[in-house]
Amino acid sequence: MTSLILNGEQWTTAVNPTTRLSAALRESGGALDVKEGCLTGHCGACTILLDGQPVKSCLLVSGQAEGRSVISLKGLSTDPVATYLQESFSRAGAVQCGFCTPGMIIVATALVKASEVPLSRDDIRAGLVGNLCRCTGYHKIVTAVEEASYVHES
Amino acid sequence: MSTKAETLGTAPTEPRRIIGKRLEKKDALAKAQGRLPYAADFSASDMLYAKVVRSPYAVAAIAEINTESAKTVPGVRAVLTAKDIPHNSIVSRFGQSTDLGRQFEGTYRVLAEDQVRYYGEPVVLIAADSPEIAEKAAELIDVEYEPMPGVFTVQDAMKQGAPGVGGEKSNVVSHFEVRRGNVEEAFASADVIVENTYTVPMADHAYLEPESGMAWMDENGVLVIRVATQVIEHCYDIADILALSHSQVRVAGTWVGGGFGGKEDMTVEPYIAVLAWATKRPVKLTFTRQDSLIGHGKRHPFTMTYKTGVKRTGELVAVKAELIADAGAYVTLTPWVLLYATANACGPYEVPHVEISATAVLTNNCPSSAYRGFGAVQPNVAYESQMDELARQLGMGPVEFRRKNLIQQGSQLPHGHHYDRPVLADTVGSQVWEAIQARPLPSPRGDLRFGRGIAYSMTSYGRLMFLRDTSRCWIRLERDGTAVVRCGVPDIGGGQVSSLRFIVCEELGLGVDQVEVYNADSVLTPLAGTTTATRQLYMSGNATLAAAHELKRRLSEKAKSHLGPDIDRFAFEDGYIISQTDNRRVALSEIINECYHDGVEMYYEAQFNAPVVDIPTSAELNTPLFADYTFGAQAVDVAVDTKTGKVDVMRVVNGLDVGTVINRLNCEGQMEGGTVQNLGYALTEEVTAPDGIMTSTTFGEYLIPTTLDVPDIETIVIESGTGVGPYGAKGVGEPSCNGIAPAILNAIQDAVGIRVTSLPASPERVLSALQAL
């Protein structure tokens, strides 16, 4: 039994506390927007916000999230930065197969919010280094985040 | 209706509203919001979870498989071995529609029978109530293996008396040749000769979405497989395996989280199909990354020995090349890949004397199969390294030297193709070189040395013409003036669906929200062929264009009573049919309603047939193979750290003649993504498997580029309008992923004076080459 706050709502799951958090969120919590790409923490597709910080949910077991806030991408549906990023990703052509995109947007949201000045392309590249994308070559992803950062900081 | 390529491959002159614009594809926002379901996101209430038990040995006889303890675990619903499968081994013709003879066939085996041929070969299938139970049962499977000697290099596999990987005497499974003129005499007349042997590694597609699918028997007894695949036509292979009729198996493709050729062969389909058939319950299987890396076919490793001769004035006189490909443990798509490599061995150059010998050999390595660039990428590394060396030794600029040797419209390609379409390779190369030269290279500082390199590329799009390729698309117009499109095209992220939407919008004057596309279902959508070979825009784009044209013809006939007889002057714009003679207009929906009223069919399915040639009848090639090629040039600036051997790509320019842009975002996106995939191939990516035991089984060992490994990407998009796709489009998917690797090798040479001949150009390789100077 694990209890936590999932996307703002109290959630208790009967899954074993040793179950991988990403699996618990997907299979028991209905958070199918959490993508599982590697299960070893290398790809970042499963990134969530744990107490507001981006973490790779495949590297945690659900018991580690006991009593804490877990936000997946759909929990950011009213967040102005996340929703702007979703549109800027789409507009910039930063979405191809889209499998990495939810994790990218989670990290980018935290990155944009954490900066008081518009992020440079180098800043963005450094911030997204833990999220792999195989389709886009990253160029348009960086552009989408750059645009969101510029709008957010000004 | 069938339509020939020539009738559709012209570029219209009128301004376009949709085609060529920078438009969002409809699935992008849904994906960015996490709303779009992928294969692993589907489930059913009474679903079982599958597990594939794999061989821990690369080569071993299977003496006995004991599944009894596994079967007793509560919650285990099926434990299957090869003998439980009606046709465990089938002769696969890998999607071809005609019989091409043995050279183009291979065994597809669901589970190992009396022997395993490679590490990780599937041996037992389990279905259980939960993944944990399936895992527990897997641990209780007791297979008695008797390890056997194997062959893990092509050199060993070709030795006299080497163990036969496939049970045959020889491990050679495919061989092609090209001969033109007399190379020995030509070399005697050459002023400069460069000889090198190049090796390129086994590489993985490394799409972010691991293979996944679910299968179930529906209420009519039809086996349904919902799966992430590039090829829904594998329904026929599944039918063969289970001895079902072709009409009893349906593949419903999902949006695919990247393919690159790795979801071209069957992945999870046979496992979930067999288990669902055996248990009569839905069965789901999602590969772990380890399963994915161990369990699917790779890009063929090649050893390529090249001898290239040139006159002092810069004209190539001869190329002699021996290509040896490691097919791995099963034939899969090896003959086709080898055929591509043979035909591509000289690149986009006019060479009077040519001798190419290409051989593929079975080993006990992971099977090699399709990967973006399909036999074009490997020789490109070799021939563009050769061109760079020759230019250096002649003291000529790389663009100037290539210009002297590029094929032109009307050239005879070495494999016997009279290529009669325009070749803009020099235009592309000149613009790419100019773009990279716009900024000077930095001066050496500390341990860093800087270099610049360029390479050219020539990549086919569309399948081998002797495969007699076809695609189909169906369009229906609704009474309110919107349209529904059905086309079997799997969308693997490249915008395959959105391209069809944009074509329909352009032709019928509709907005992008007025067209819905339904795709990738082997029963409910017309078969469009595979999303491989950079063929969907060409093939399904032309089918879609043809269907739209026929509906336009019917509408125009009906609109005559409103707009006059001059239907050639009718334009379809913004929901109206407009006479360009006098600007009279009538609402599209009004004409559609009149057609419905009068019984004129407002739906149409068009089939597009690619041009065909006869099947090559000998190993020596002397016929055209491809309808067309995309020409490109790629340039990079690198920084080489002479202390560590690390190579950083500081700038990269990728230029292609794309024919015509359908969607600018998608086109650039292909070029940028392909650039980085080929960059990873050049610098970091290598599947390692000492003695056949794969050790690169996570993204911690198989290193694909991160945001910090690549610079911003400059793309140069040239539109000649001369392709055989809709509106004169060429293909970009695979051509985008070519040329970067040799450009990097050439830039390393420019920076530090070493010729790296083995990929990846890892820090270790570069450093040891520097130390050998």
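Taken together, the values in this text are just the output of simple stated rules run on the coordinates, not laboratory data. Treat the numbers as computed from the prediction; the structure is a model and nothing was measured. Cβ: placed from backbone, ideal geometry, glycine included. Neighbour counts: every protein chain shown.
Points worth noting:
- Modelled FRET efficiency - R0 35 Å, A:Thr40 with B:Ala61, Cβ distances, 0.05 increments: 0.60
- Two-site FRET efficiency, B:His87 against A:Lys113, from Cβ-Cβ distance with R₀ of 60 Å, rounded to 0.05: 0.60
- Within the shell defined by Cβ-Cβ distances under 11 Å, the residues around B:Val636 carry a net charge of -2, with Lys and Arg each +1 and Asp and Glu each -1.
- Put simply, the Cα atoms of chain B extend 81, 76, 53 Å along their principal axes, the longest span coming first.
- Taking Lys and Arg as +1 and Asp and Glu as -1, the other residues whose beta-carbon sits under 11 Å from that of B:Ala278 total +2.
- Between B:His418 and B:Ser247, the simple spin-label model (points 7 angstrom out along Cα→Cβ) gives 4.6 nm.
- Virtual paramagnetic centre 7 Å along Cα→Cβ of B:Gln409, amide N under 15 Å, in segment B:603-645: B:629
- Segment B:52-78-segment A:1-21 distance, computed between alpha-carbon centres (Å): 34 Å
- Percent antiparallel among DSSP beta bridges (both partners in chain B, rounded to 5): 75 percent
- Amide hydrogen neighbours beyond the local backbone of B:Ala689, cut-off 5 Å, H modeled: B:Thr695
- Across all Cα atoms of segment B:566-694, the radius of gyration (one decimal) and Dmax (whole number) stand at 26.5, 80 Å.
- Full-extension gain in nm, B:Glu764 to B:Ala188, via 0.36 nm per residue minus C-alpha separation: 203.6 nm
- Between B:Thr617 and B:Arg468, the simple label model (points 7 Å from Cα in the Cβ direction) yields a spacing of 1.7 nm.
- Rounded to whole numbers, the Karplus 3J(HN,Hα) couplings from phi for segment B:474-479 are 10, 10, 10, 9, 8, 5 Hz, using 6.51 cos²θ - 1.76 cosθ + 1.60 with θ = phi - 60°, and x at Gly and Pro.
- Each pair of Cα atoms in the protein assembly as shown enters the Kirkwood radius, and Stokes-Einstein at 20 °C and 1.002 mPa s then converts it into a translational diffusion coefficient of 75 µm²/s.
- Phi-derived couplings, Karplus 6.51 cos²θ - 1.76 cosθ + 1.60 at θ = phi - 60°, listed residue by residue for segment B:196-210: 8, 10, 10, 10, 10, x, 5, 10, 10, 5, 6, 4, 6, 8, x Hz, with x used for Gly and Pro.
- Length gained when the stretch B:Thr153-B:Glu590 is fully extended (0.36 nm per residue, less Cα-Cα span): 150.5 nm
- Virtual spin-label span in nm between B:Ser43 and B:Asn196, 7 Å along Cα→Cβ: 5.3 nm
- For B:Lys21, residues with placed amide H under 5 Å, excluding near neighbours: B:Arg664
- Cα-centred dipole magnitude for segment B:147-200, charges only on beta-carbon of K, R (+1) and D, E (-1), debye, nearest 20: 280 debye
- Coordinate range of the alpha-carbon atoms in segment A:85-147 per principal axis, descending: 31, 22, 17 Å.
- Subtracting the Cα-Cα distance of B:Glu135 and B:Arg439 from their residue separation scaled by 0.36 nm leaves 103.8 nm.
- Annotation: for a label point projected 7 angstrom from Cα along Cα→Cβ of B:His597, residues of segment B:478-497 with backbone N closer than 20 Å are B:478-482.
- Lone cysteines, chain B (no partner Cβ under 4.7 Å): B:Cys235, B:Cys346, B:Cys366, B:Cys505, B:Cys595, B:Cys667, B:Cys737
- Distant-in-sequence amide contacts of B:Leu333, defined by a placed amide H-H separation under 5 Å and a gap of 5 or more residues or a different chain, comprise B:Ala370.
- Its alpha carbons considered, segment B:699-773 gives a radius of gyration followed by a Dmax of 17.2, 53 Å.
- Computed FRET value (nearest 0.05) for A:Val129 with A:Tyr150, which takes r as the C-beta separation and R₀ as 25 Å: 0.75
- Couplings 3J(HN,Hα) for segment B:241-256, derived from phi with the Karplus relation 6.51 cos²θ - 1.76 cosθ + 1.60 (θ = phi - 60°), are 4, 9, 6, 9, 6, 4, 7, 9, 10, 10, 10, 10, x, 9, 4, 9 Hz, where x marks Gly and Pro.
- Sparse-neighbourhood loop sites, GluC sites (Glu not before Pro) in segment A:22-98 - DSSP loop, at most 13 other Cβ within 10 angstrom: A:Glu66
- Sequence-separation-based contact order of segment A:57-154, relative, with Cα cut under 8 Å and 6+ spacing, percent: 35 percent
- Convex hull volume of segment A:2-73 per residue (C-alpha atoms, cubic angstrom): 68 Å³
- Cubic angstrom per residue, convex hull over Cα atoms of segment A:47-154: 96 Å³
- Positive end of the dipole of segment B:121-181 (Cβ unit charges, origin at the Cα centre): among B:Gly150, B:Pro122, B:Gly181, the Cα lying farthest that way belongs to B:Gly181.
- Peptide-level mean, for A:28-38, of C-beta atoms on other protein chains within 10 Å: 5
- Virtual paramagnetic centre 7 Å along Cα→Cβ of B:Arg755, amide N under 20 Å, in segment B:311-336: B:311-324
- Per-residue mean of C-beta atoms belonging to partner chains within 10 Å, peptide B:656-663: 0
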